[in-house]
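Derivation of every value follows stated rules applied to the coordinates shown; laboratory data play no part. These figures come from a predicted structure and were not determined experimentally. Heads up, the Cβs are rebuilt from the backbone with ideal geometry, glycines too, and the neighbour counts pull from every protein chain shown.
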Amino acid sequence: MVAAVAENGVIGNGPDIPWRIPGEQAEFKAITMGHTLVMGRTTFESIGRPLPGRTTVVLTKDETWSYDGVLVAHDIDTALALAAGEQGDTIIAGGAQVYEAAFPYATDQVITRVHLTPEGDVFYPSFDETEWVEMKREPHEAYDRVFLTRVEVADTADPGELWPVYQEVWGDETRDAFDGIWAAHSARDGFKIAAVRRGGNLVGFAWAYVGQRGQPWSDRITEALPAVAEEWVGRHWEVAELGVLDQWRGYGLGRALLRAVTDVPCERMVLETDADESKPAHRLYLCEGWLDIARVPDTDNVLMGKLQAPGSTVDPPS
Ligand SMILES: NC(=O)c1ccc[n+]([C@@H]2O[C@H](COP(=O)([O-])OP(=O)(O)OC[C@H]3O[C@@H](n4cnc5c(N)ncnc54)[C@H](OP(=O)(O)O)[C@@H]3O)[C@@H](O)[C@H]2O)c1
């Protein structure tokens, strides 16, 4: 999705965009050139022609509507399917009705946050900001261009897609070992997985579930740290895996993944990580309010825990 949005959420006034910002159009051109634009009939007619160098798909309910050099669709699914067969990426170019219809399918947003509060009657749809991570921000005098990517929370995933990330992040595991871990963990109570994709490929994921005695990790911790386990282990929320490909670190994806898999009403949350506080993972957990509980004997690891608000239920939903 590519949109220019004013501070009051306005994207249009009647058929027009209520501002002209030097340079902004040129950047829109650079971002969209060679790709396929999906837009509403109102937006298309306001522009008045297909934009050169780009394929245009226009959405309209009007079965008789046509325009030379333009593809026409009558519902969002058909528009997206048509666009997928055309050049470059599919870019949703507005207006409000089309942004709204396309939001559930969107993986990225490039938003030009215009520093104005103009009169207008067309608004960008509101969206749940916790589902999106800011990957980049380009500040300009009259606007900031912000690149957002979606963090998907799912209750399952394809292990074949997870494996390349797992392999890079936990280099010493075999595929068989990973398949075994996946099979065991994904069957646990409350299993929750979050994933981030870029350009169709998975670049990071996290998963968590209800931890219980009798599970290998819980039993190992109970044996190694019996006093600590007394308080922390047994129907706790366990963050078992969290990894982001090297080249995608530093954008806040780890934080978004952690938040996505710990958004549960469970009083005690635990995880095990490298004890070295200079490691990014350890720093992330500290920043997110996790505390070191104890060094795990015979490992380089530390057990970390986080207590959620008193009164939250001990048992997460299964
Ligand atoms: N600031 C920005 O980045 C930006 C970008 C684009 C547009 N805009 C502004 O946004 C305003 C236009 O937005 P808008 O919401 O009024 O109109 P729009 O989304 O551009 O177009 C609405 C029309 O598209 C068709 N349509 C939309 N969703 C459809 C669907 N799911 N299935 C079939 N047809 C569908 C319908 O056409 P029919 O009526 O023909 O059936 C509908 O009337 C203008 O002010 C424009 O300048 C701003």
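Counting only GluC sites (Glu not before Pro) that DSSP places in a loop and that have at most 12 other Cβ atoms within 10 Å, the longest clean stretch of the chain runs over 142-276. The alpha-carbon atoms of the chain define a convex hull whose volume equals 166 cubic angstrom per residue.
Can you give the charge dipole size of the chain about its Cα centre, rounded to the nearest 20 debye, using +1 on the beta carbon of Lys and Arg and -1 on the beta carbon of Asp and Glu? Walk me through the intermediate numbers first.
Details: 27 positive and 51 negative charges, 102 e Å.
The calculation lands at about 500 debye.
Here the chain carries DSSP beta bridges of which approximately 70% are antiparallel, counting only pairs with both residues inside.
As a size descriptor, the averaged projected area of the C-alpha convex hull of the range 52-122 was calculated at 6.3 nm².
Over all directions, what mean area does the Cα convex hull of the range 217-318 project, stated in square nanometres?
Orientation-averaged projected area of the Cα hull: 6.7 nm².
The fraction of Cα-Cα pairs per 10 angstrom bin, counted from 0 for the range 2-150, comes to 11, 42, 38, 9, 0 percent, rounded to whole percents. Can you grab the distance from the C-alpha centre of the range 268-310 to the C-alpha centre of the range 145-201, Å, no decimals? Comparing the Cα centres of the range 268-310 and the range 145-201, I get a distance of 21 Å. Axis angle, to the nearest 10 degrees, between helix 159-169 and the longest C-alpha principal axis of the chain: 70 degrees.
Of all the options Ser218, Ser186, Ser126, the one that moves most in a Gaussian network model of the chain with Cα springs shorter than 10 angstrom is Ser126.
Checking a compactness column here: for the range 155-307, what do you get for Rg(Cα) / (2.2 N^0.38 Å), N being the number of residues? Let's see the in-between values first.
Details: Rg = 14.8 Å, N = 153, 2.2 N^0.38 = 14.9 Å.
For the range 155-307, the normalised Cα radius of gyration comes out at 0.99.
Given the range 37-89, report the % of alpha carbon pairs whose separation exceeds 16 Å.
Values: 436 of 1378 pairs.
So the pairs more than 16 Å apart make up 32 percent of the total in the range 37-89.
If you find the alpha carbon centre of the range 77-102 and of the range 33-68, how far apart are they in angstrom? The range 77-102 and the range 33-68 have Cα centres spaced 10 Å from each other.
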